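Single-structure report; data block below.
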Amino acid sequence: MSPSPSPTPTGLRIKSPESLLAESGADLEGHGLKRTMGLFQLVCFGVGAIVGTGIFVGLSDTVAEAGPAVVISFVLAGITCIFTAFSFAELGGAIPVSGSSYSFAYATLGERVAFLVGWCLLLEYGVSVSAVAVGWSQYLNELLNSLIGWQLPEALSAGPGDGGIVNLPAVIVILMAATLLVRGIRESARATAAMAILKIGILIAFCAIGFSAFEAGHLTPFMSAGIGGLTSGASLAFFSYIGFDAITTAGEEVKNPRRNIPIAILICIGVVTLLYCAVAVAAIGALGADAVGDKPAALSLVVNQVTDSTVGGGIIAFGAVVAIASVVLAVMYGQTRILLSMSRDGLIPRVFERVSPKTSTPVANTWIVALVFAVPAAFSSLDAVVNLTTIGTLATMAAVNVAVVALRRSHAGLPRSFRVPLYPLSPALGVAMCLYLIWGTGWTTWVQFVVFLAVGALVYAFYGRRHSRLGEAATPTAGAGAEPREG
């Protein structure tokens, strides 16, 4: 028997949390996702999704914008994530399903908003896979140069925007991640855990080397770029945090999700913020902001100059290759689970919800994602997609903060393993911080994002709304808030 729907405003299609939970426990085509991830694996998965291109590749761009005050930029971006992490923790504990922001919006803000949130998640997860893969290619060349004194030809290791023809390494890392993902979540989680531990160790080693050559004079003038540079730097720094919400996409494959999801989110944000600030201070303190800014593979450059050897830089490059590969793996995982949830609801084609009986993974879904986003990875530059990815992520995070308030009002009695502190101030500040960082992305990015949202609205109007299972199940008297058909 399906859960009874909760009252909803006239014409607003809202799926109750009880319905989402009931569907997540049901078999999909006779085969469902399996709960195999514990807390440690979930934390490693979160770190694996976060730490990668943003710090190994994007640090130089952030320093170029903010100067030595980049550490404040990282703190501002981290504070934004912390407020939103509280909201994710409450929602992830209350509705532990695989749809993350999309499912939370469906349960609180309605189907149309949920679809647009899912549409924005294509930027956060899908497009960022392409961006991360491009960063992986840069460090792979740095590693090859350190090991054997040879690099891949520029024509085959960069897209047309960066002076090449096709970025083959970026395509290869995406296909490798897809291969591992279709083998099963247990294997993927083990690989991600190993890579997360390795890259944290590499970054700690970098800090030790950087602080050994630290000069306080390199941090002055501290606010060299002013408030404008600080704001732009914070918007760029935010890219380094993208992926922490991927933890909530694992809601149906985590043991004891109501407990483990909130704990994992908060641990990840805390660890990553401290690590990023330490890395930024170590890098600038060692060489100065001018030497670090706008330099590719900046961390390897710092280590090479401090140690007067290419060996240390080669080790950093190896850590970056591993770190960024783990981000590709974790973010692709998140994207496939978002699409799986949207497909269950009929908003996108059913091929995305099919789960293999052998591996308990969405095989077709995974390969479609890999092939589609390998194309921009092959032919785009990193700079071309960072701001658009950032604004899409910030928009979904603002929606999540609003969703917490909406769920408190509509389902006050729903069991919650974590509650947002200082409610409702905390989610309000989360929305305000997201809007502040959106402002820092610049008007050209705003225009691109508005166009992207308009396309999404058209897709929903002409496909999603017509094929929605919630809409098909609605009766004239029950309205669009009725429950979808079972089976």
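The values are calculated or read from the model by the stated rules, or taken from the named source; none is laboratory data. Bear in mind the structure is a predicted one, so any value in this text is a computation, not a measurement. A quick note on method: Cβ atoms are made from the backbone with ideal geometry, for glycine too, and the neighbour counts reach across all protein chains shown.
Some notes on this structure:
- Subset tally (residues that are assigned to a loop (DSSP other than H, G, I, E, B) and of a type in the set (Ser, Thr, Tyr)) for the stretch 340-393: 6
- Applying the condition of being outside any helix (DSSP H, G or I) and buried (at least 24 other Cβ atoms within 10 Å of the Cβ) to the stretch 40-67 and asking which residue is modelled with the lowest pLDDT yields VAL57.
- Flag if VAL70 is at pLDDT 85 or above, under 30 Å from HIS218 (Cα atoms) and part of a helix (DSSP H, G or I): no
- Scanning the stretch 407-422 for residues that are under 25 Å from the mean Cα position of the chain (by Cα) and of a type in the set (Ser, Thr, Tyr) gives a single hit, SER417.
- THR273 being of a type in the set (Val, Ile, Thr), farther than 27 Å from ILE95 by Cα, out of contact with any His (no Cβ under 7 Å at 6 or more places or on another chain) and at pLDDT 80 or above: no
- Residue match in the stretch 248-258 (condition: at pLDDT 85 or above, aliphatic (A, V, I, L, M), in a helix (DSSP H, G or I) and buried (at least 18 other Cβ atoms within 10 Å of the Cβ)): no
- For the residues PRO484, PRO424, the requirement of being in contact with a Lys or Arg (Cβ under 9 Å, 6 or more places away or on another chain) and modelled with pLDDT under 85 singles out PRO484.
- Conditions (1) in a helix (DSSP H, G or I); (2) in contact with a Gly (Cβ under 7 Å, 6 or more places away or on another chain): number failed by PHE214: (1)
- The residues in the stretch 153-163 that are closer than 14 Å to PRO376 by Cβ and surrounded by fewer than 23 Cβ atoms within 10 Å (Cβ to Cβ) can be counted, and the count is 4.
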